[in-house]
Amino acid sequence: MAVELVEPQPPISRTSAAAPSSVPAGWENILNAGETLIWQGQPDPSLVFSPASTRPVFGGLVTLCFSIYWMYGASRAGGIFWMFGLIFFFAGIFAVLDGVFGGSWRRKHCFYSLTSSRAIIASNYPMLGRRLKSYPITAASVLELQEDGAWSTVNFHEEKRRDSDGGEHKTIVGFQRIRDGRHVFSLMRQIQSEFK
């Protein structure tokens, strides 16, 4: 197996101020002084079935079946008491649909950008509006590249979130299902190397 040696790219300079003409339209108030946009992309919006997506489907099916059973039993007693089961019926349907189509729908409305100092995830969900979250790429950032055929995921941040019952869990943040993951991973490592 032959290994092809590639000349390393020069490091991205943080000190050079970006010229006003080099800032893309719409990014004027988002980029910091001296920050440049070096990559943009969007995740693959196709349906993907994984263990993470089947958990809500299974839970939704259990809720859906229980609600149907409960509504049937309550309707035999007469009255409108059976209608309280509709709350769980629709919650079950929502969980199933979100597990099957939710990831694809969220990726379809997501846009990724990498600047000379941070990763930016922008979303534009119907009825929820636009959101923009940025994550600095530092020496402490744990970078991870996951490849799955033609698609890659580049993880760069961990968030601790608190559950409704008070427990904590970690959420991994990254650019999901992008085509040029190795290139983006290389760019992030290059940004990170400036801190060392």
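The values are calculated or read from the model by the stated rules, or taken from the named source; none is laboratory data. Computed from a predicted model, the values in this text were never measured in an experiment. Counting neighbours? That spans all protein chains shown, and the Cβs are built from the backbone with ideal geometry, glycine included.
Quick rundown of the values:
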{"quantity": "Residue list for the range 29-41, restricted to those being touching a helix residue (DSSP H, G or I) at 6+ places or on another chain (Cβ under 8 Å) and not aliphatic (A, V, I, L, M)", "calculated": "THR36, TRP39, GLY41"}
{"quantity": "Qualifying residue in the range 134-151 (condition: closer than 30 Å to PHE195 by Cβ, in contact with a Pro (Cβ under 8 Å, 6 or more places away or on another chain) and not charged (D, E, K, R))", "calculated": "no"}
{"quantity": "Number of the condition not met by LEU31 [criteria: (1) crowded, with 16+ Cβ neighbours inside 10 Å; (2) in a loop (DSSP other than H, G, I, E, B); (3) under 20 Å from the mean Cα position of the chain (by Cα); (4) aliphatic (A, V, I, L, M)]", "calculated": "(3)"}
{"quantity": "Residue in the range 71-90 that is within 13 Å of the chain's Cα centre (by Cα) and either over 30 Å from PRO43 (Cα atoms) or outside any helix (DSSP H, G or I) (or both) present", "calculated": "no"}
{"quantity": "Selection count where residues are in contact with a Lys or Arg (Cβ under 9 Å, 6 or more places away or on another chain), crowded, with 16+ Cβ neighbours inside 10 Å, among the small types (Gly, Ala, Ser) and assigned to a loop (DSSP other than H, G, I, E, B), scope the range 116-152", "calculated": "2"}
{"quantity": "Residue count for the range 160-196, restricted to those that are assigned to a strand (DSSP E or B) and either surrounded by 11 or more Cβ atoms within 10 Å (Cβ to Cβ) or in contact with a helix residue (DSSP H, G or I) (Cβ under 9 Å, 6 or more places away or on another chain) (or both)", "calculated": "7"}
{"quantity": "The range 37-51, subset of a type in the set (S, T, N, Q) and assigned to a loop (DSSP other than H, G, I, E, B), residue modelled with the highest pLDDT", "calculated": "GLN42"}
{"quantity": "Unique residue being touching a residue at least 24 places away in the same chain (Cβ under 8 Å), aromatic (Phe, Trp, Tyr), under 23 Å from ASN32 (Cα atoms) and in contact with a helix residue (DSSP H, G or I) (Cβ under 7 Å, 6 or more places away or on another chain) when the list is PHE89, PHE156", "calculated": "PHE156"}
